[in-house]
Amino acid sequence: MVLLTRLGGVPRLLGRVGAVNGSRWIHGTAALAQQGAAYNERLFGHVETSVNTFPILHTGGVHPVPVTLMPGEGIGLEVANSMIRVFEAADVPVEFERFEFTDLDEGVPDAVVASFRKNGVALKGPFNTPVKSKSKSINIILRTTFDLFANVVHCKNIPGVETRHPGVDVVVIRENTEGEYSGLEHETVPGVVESLKIISREKSIRIAEYAFQYAERNNRKKVTAVHKANIMKQSDGLFLQCCREVAARYPYIEFDNMIVDNTCMQMASKPQQFDVMVMPNLYGNIITNIACGLAGGQGLFPGANFSPTAAIFEQATRHAAKSIGGMDVANPSATILAGVGNPIRRR
């Protein structure tokens, strides 16, 4: 069975790329999923968790495993469909429980919550949160409801994809549940808005420990904590102190720290200096987008969100790109890589 999916600038890792009537297409079979699985393990590495992983390409006598699927909006529908076609071509024993919803005012439907709670594994497309909307982000609701505390994105140069910088190989680990990105804000009096930044010792220790365990198990040499403790001395100061405490338990892994604005400049000028990076919520959102842009763009890299008992896989940058939705020009590589080769490894 041959899969034909129209792409724009697809990396060679996903198969043989050729020209058809002036367009770029990707040709693949079940080997596509196998290549993606191997590449995805290199992206995410080994992760300790109690999630029940679904078996990839072991179809003999294996019953289909239910996985919650939220295509999202914008380009989400078409890239999710591309991923499904890969699964079908590879005869992967997965049964998707598909939910299409986009109404921010209604939040996450109860049926979706029940499905993900039952399955423990989900694939999610991008959801757009308009600036003028007063509704809470779907992404934030999912992260906080299910304690998806660790967002992991691995960006590295891909053969065949031209980039400004060679030698990029960085893992961004982001605390996903607190900080100013949580959207906790209110108007105290007309014209005055307070936005709360919550940083706790418990969650800072947890994400720092996750980052060092990731580095240890994947033979990474250095962890960099990103912060703004020179200005936010109590909140980011607490985060940095927690990272230092955890680092002391891993003397064989190099540890350093960097102020977030300098980090952005250093990422743009010399990204090769970074290995594993750990940071609070908002900084992680910004640094992840920079890393993806440096290594090839938003359509290439998958992201993972882990809780102690569940995981959601998605496109790393989570841009809905509604302006090109439905045009069949979005690169589905990130979504395909998020789907094939589930990166969780039980230990």
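Quick one: in the stretch 182-195, of everything that is open to solvent by less than 70 Å² (accessible area, probe 1.4 Å) and in contact with a Ser or Thr (Cβ under 9 Å, 6 or more places away or on another chain), which residue is nearest to Cys243 (Cα to Cα)?
Ranking the candidates gives Ser182 first.
Take the residues in the stretch 209-229 that are of a type in the set (Lys, Arg) and over 19 Å from Gln273 (Cβ atoms), then tell me which one is most open to solvent (accessible area, probe 1.4 Å). Give the derivation first.
Taking the stretch 209-229 first, the residues of a type in the set (Lys, Arg) are 217, 220-222, 228.
If we keep only those that are over 19 Å from Gln273 (Cβ atoms) too, we end up with 217, 228.
On the way: Arg217: 73, Lys228: 40 Å².
Only one residue fits best here, namely Arg217.
On the given criteria, is Asp91 surrounded by fewer than 19 Cβ atoms within 10 Å (Cβ to Cβ), under 16 Å from the mean Cα position of the chain (by Cα) and at positive phi?
In short, no.
Check Gly303 against each of (1) among the small types (Gly, Ala, Ser); (2) in contact with an Asp or Glu (Cβ under 6 Å, 6 or more places away or on another chain); (3) assigned to a loop (DSSP other than H, G, I, E, B) and name the one condition it does not meet.
Checking Gly303 against (1) among the small types (Gly, Ala, Ser); (2) in contact with an Asp or Glu (Cβ under 6 Å, 6 or more places away or on another chain); (3) assigned to a loop (DSSP other than H, G, I, E, B), the one that fails is (3).
Give the stretch 164-179 a look and list any residue that's closer than 23 Å to Val260 by Cβ, more than 16 Å from the chain's Cα centre (by Cα) and open to solvent by 20 Å² or more (accessible area, probe 1.4 Å), or say none.
Answer for the stretch 164-179, where residues must be closer than 23 Å to Val260 by Cβ, more than 16 Å from the chain's Cα centre (by Cα) and open to solvent by 20 Å² or more (accessible area, probe 1.4 Å): Arg164, His165, Gly167.
Under 9 Å by Cβ, and 6 or more places apart or on different chains, what pairs join a residue from the stretch 212-230 that is under 14 Å from Tyr252 (Cα atoms) and touching a residue at least 12 places away in the same chain (Cβ under 8 Å) with one that is crowded, with 22+ Cβ neighbours inside 10 Å and of a type in the set (Gly, Ala, Ser)?
Tyr214/Ala150; Lys221/Ala215; Lys222/Ala215; Val223/Ala208; Val223/Ala211; Val223/Ala215
Assuming Phe149 fulfils every condition listed in (1) modelled with pLDDT under 95; (2) open to solvent by less than 20 Å² (accessible area, probe 1.4 Å) apart from one, which condition is it?
So the condition that Phe149 fails would be (1).
Which condition breaks for Phe255 when tested against (1) within 30 Å of Lys197 (Cβ to Cβ); (2) within 17 Å of the chain's Cα centre (by Cα)?
Phe255 satisfies every listed condition except (2).
Could you grab me the full set of residues in the stretch 103-136 that are of a type in the set (S, T, N, Q) and surrounded by fewer than 13 Cβ atoms within 10 Å (Cβ to Cβ)?
Step one: list which residues in the stretch 103-136 are of a type in the set (S, T, N, Q), which gives 115, 119, 128-129, 133, 135.
Ser133, the sole residue that qualifies.
Residues that are at pLDDT below 95 and of a type outside the set (Phe, Trp, Tyr), at least 1 per element: which helices (runs of 4 or more DSSP H) completely within the stretch 207-296 meet that? Walk me through how you get there before you give the answer.
On the way: elements: 235-247, 260-269, 281-295.
Once the helices (runs of 4 or more DSSP H) in the stretch 207-296 are filtered for at least 1 residues that are at pLDDT below 95 and of a type outside the set (Phe, Trp, Tyr), what remains is 281-295.
Count, please, the residues in the stretch 244-262 that happen to be open to solvent by less than 50 Å² (accessible area, probe 1.4 Å) and under 17 Å from Leu282 (Cα atoms). Show your work before the answer.
The initial filter retains those residues of the stretch 244-262 that are open to solvent by less than 50 Å² (accessible area, probe 1.4 Å), namely 246-247, 250, 253, 256, 258, 260.
Checking the rest, the ones that are also under 17 Å from Leu282 (Cα atoms) come to 258, 260.
Qualifying residue count for the region: 2.
The values are calculated or read from the model by the stated rules, or taken from the named source; none is laboratory data. From a predicted model like this one, the values you see are computed outputs, not experimental measurements. Ideal geometry is used to build each Cβ from the backbone, glycine not excepted, and the neighbour counts take in all protein chains shown. Note: accessible area is taken over every heavy atom of the protein model, side chains too, but ligands, DNA and RNA are not part of it. Shrake-Rupley method; radii C 1.70, N 1.55, O 1.52, S 1.80 Å.
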